Amino acid sequence: MLRLRRTIDKVFAVREWRKIARKINYRQTHRENNKQQNRQRQKKWKMNHPKETIEYNRKHCANHRKLGFIPLNQPFESSEGHHIDKNFVVYIPKKLHGSISHNIQTGKGMTEINDKVFEWLKLSMVKLS
């Protein structure tokens with residue numbers, strides 16, 4: 001009986017993960033397919049909520065001021081700047097930068113993305129020499 005219950009729980013868990021994956025995929029494609037509409041909706045919201053917009057901008061700019069900008073390599077086509085810490089920036093491919101969710105303020109995902117960044121830097125240095 002216990003074995004049957006575990007099997008049933010596993011089946012339901014797999015189904016739930018599939019539902020979540022479908023939702024994530026839908027959200028990503030919907031966001032990409034409706035960029036213009038989303039921008040218009042954001043502009044309209046900002047016009048209707050000036051106080052909230054000012055508060056958001058204050059917080060956003062305050063967080064940006066905390067970060068330094070000392071580039072360690074040159075930017076290239078289809079690259080994005082990635083802060084490896086509060087001061088230093090490395091230009092990496094956009095695809096690599098978006099591969100792992102990370103946040104310099106909270107530290108979430110930073111070790112994983114930095115490991116990949118340094119691995120990419122090593123490979124790119126080997127190609128150059």
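Taking Cα centre as origin and charging only the Cβ of basic (Lys, Arg, +1) and acidic (Asp, Glu, -1) residues, the dipole magnitude of the chain rounds to 880 debye. Net charge of the neighbourhood of V117, taken over other residues with C-beta under 12 Å away and scored Lys/Arg +1, Asp/Glu -1, is -3. Diffusion coefficient of the chain by Stokes-Einstein, Kirkwood radius over Cα pairs, 10 °C, 1.306 mPa s: 84 µm²/s. Ordered by the count of other Cβ atoms within 10 Å of each Cβ, fewest first, I20, I113 give I20, I113.
For region 68-129, the C-alpha radius of gyration sits at 1.07 times the compact-globule guess of 2.2 N^0.38 Å, with N the residue count.
For region 68-129, a simple Cβ point-charge model (Lys and Arg +1, Asp and Glu -1, everything else neutral) yields a dipole of about 60 debye relative to the Cα centre.
The numbers here are math on the coordinates, done by the rules we state, and not lab data. Only a predicted model underlies this, so the values are computations on that prediction, with no experimental measurement involved. Glycine also receives a Cβ, built like all others from the backbone with ideal geometry; neighbour counts cover every protein chain displayed.
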